[in-house]
Amino acid sequence: MFYGITPKSRLMLGTAQYPSPRVLGDAIAASEAEIITVSLRREGAGGAGFRDLIKASGCRLLPNTAGCHSAREAVTTAQMARELFGTNWIKLEVIGHADTLQPDPFALVEAARILCADGFEVFPYTTEDLILGEKLVEAGCQVLMPWGAPIGSGQGLRHEDALRTMRAHFPDVPLVIDAGIGAPSQAAKAMEMGFDAVLLNTAVAKAGDPVTMARAFAGAVQAGRLAHEAGLMGQRDMAVASTPIFGMAALS
Amino acid sequence: MRVELNGEQVETAAATLSELIEEQGLAAPSVATALNGEFVPRGMRDGTVLTDGARIEVLSPMQGG
């Protein structure tokens, strides 16, 4: 599914903003996620503890290029991440606007091209734009990660119709809803729509009880995936009685 | 010589990137390095000569979304 890796869990979890390292560790376990996102920064307090924690989680790491605003910054960050985390995987973020944190599509494609050619396995954070998706696939990306809503906003799937179109347009490309998910119901919706996975962070980290919320998301993602596999019924304009009329008593 | 290390001005006697990392007490095996915006792989730090005003980034694993 993702560059030859098929995780059992379709939930990917970010590791930022938790109230404590212990809550983070417990939330990862409760989420059942097998892929967690990480980043790299100038060393601050607690760096060594975090390294131990991510190792102990047993999860596959997906380093990001969060905060990068140019292709060059993102490429350099990706190269540093590859050495530091020992993986070719990179969640490529090239931010175009500080308020919306929406991707800069032009720099994103440029960086993706450079990184794919350099042997990276790129997970690009993108919009639901179809042509941008095609350019990313042409650049060598074998996964696309469209946003649900702006990062950290918790708005869910803001452009549901466009995401549905994107799913239909890329039937064979793994698609991960990345960013903007605020509630388990929204994650379940994405999975029902046939997205391959959901990546989220803030919705768990900033929940009243992150560990319980991680469990809630695990259940929602599983339920949504099962519903997709089962096939949802079609909607109807009018009521259709579910109890058979046949055999009904004549009581009037 | 003055260099900029992670955004801070630093006076250093180090001639190479490796020497700077050691001089500043940074954990060489668990950091990644860049010089003037370009990645410097671990194996190249010994041979990477610093010049006055060089901008060096030394990064560690951190939480991310």
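Among all residues of the stretch B:37-56, there is none that is assigned to a strand (DSSP E or B), within 7 Å of another protein chain (Cβ to nearest Cβ) and either touching a residue at least 24 places away in the same chain (Cβ under 8 Å) or over 23 Å from A:PHE85 (Cβ atoms) (or both). If you filter the stretch A:69-86 down to residues that are open to solvent by 20 Å² or more (accessible area, probe 1.4 Å) and closer than 16 Å to B:ARG42 by Cα, you find that the one that is farthest from the other protein chains (Cβ to nearest Cβ) is A:GLY86. Are any of the residues in the stretch A:223-237 part of a helix (DSSP H, G or I) and closer than 23 Å to A:GLU93 by Cβ? No: the stretch A:223-237 contains no residue that is part of a helix (DSSP H, G or I) and closer than 23 Å to A:GLU93 by Cβ.
Would the stretch B:10-19 turn up any residue that is β-branched (Val, Ile, Thr), open to solvent by 50 Å² or more (accessible area, probe 1.4 Å), more than 14 Å from chain A (Cβ to nearest Cβ) and over 10 Å from the mean Cα position of the chain (by Cα)? No: the stretch B:10-19 contains no residue that is β-branched (Val, Ile, Thr), open to solvent by 50 Å² or more (accessible area, probe 1.4 Å), more than 14 Å from chain A (Cβ to nearest Cβ) and over 10 Å from the mean Cα position of the chain (by Cα). Selection of strands (runs of 3 or more DSSP E) fully inside the stretch A:58-174 by the criterion of at least 2 residues being without any contact (Cβ under 8 Å) to a residue 24 or more places away in the chain returns nothing. Taking the criterion of being touching a Lys or Arg at 6+ places or on another chain (Cβ under 9 Å) and closer than 13 Å to A:ARG10 by Cα, the residues of the stretch A:189-210 that qualify are A:MET191, A:GLU192, A:GLY194, A:PHE195, A:ASP196, A:ALA197, A:VAL198, A:LEU199. Out of contact with any Pro (no Cβ under 9 Å at 6 or more places or on another chain), facing chain B (nearest Cβ under 7 Å), open to solvent by less than 20 Å² (accessible area, probe 1.4 Å) and modelled with pLDDT of 95 or more: does that describe A:THR65? Against the criterion (out of contact with any Pro (no Cβ under 9 Å at 6 or more places or on another chain), facing chain B (nearest Cβ under 7 Å), open to solvent by less than 20 Å² (accessible area, probe 1.4 Å) and modelled with pLDDT of 95 or more), A:THR65 does not qualify. Taking the stretch A:183-205 as the search range and keeping residues that are within 14 Å of chain B (Cβ to nearest Cβ) and in a helix (DSSP H, G or I), which one is most open to solvent (accessible area, probe 1.4 Å)? Here the answer is A:THR202.
The values are calculated or read from the model by the stated rules, or taken from the named source; none is laboratory data. None of the values given here were measured: they were computed from a predicted structure. Glycine gets a Cβ as well: all are built from the backbone with ideal geometry, and neighbour counts include every protein chain shown. The area values use the complete protein model at the heavy-atom level, side chains included, leaving out ligands, DNA and RNA. Shrake-Rupley method; radii C 1.70, N 1.55, O 1.52, S 1.80 Å.
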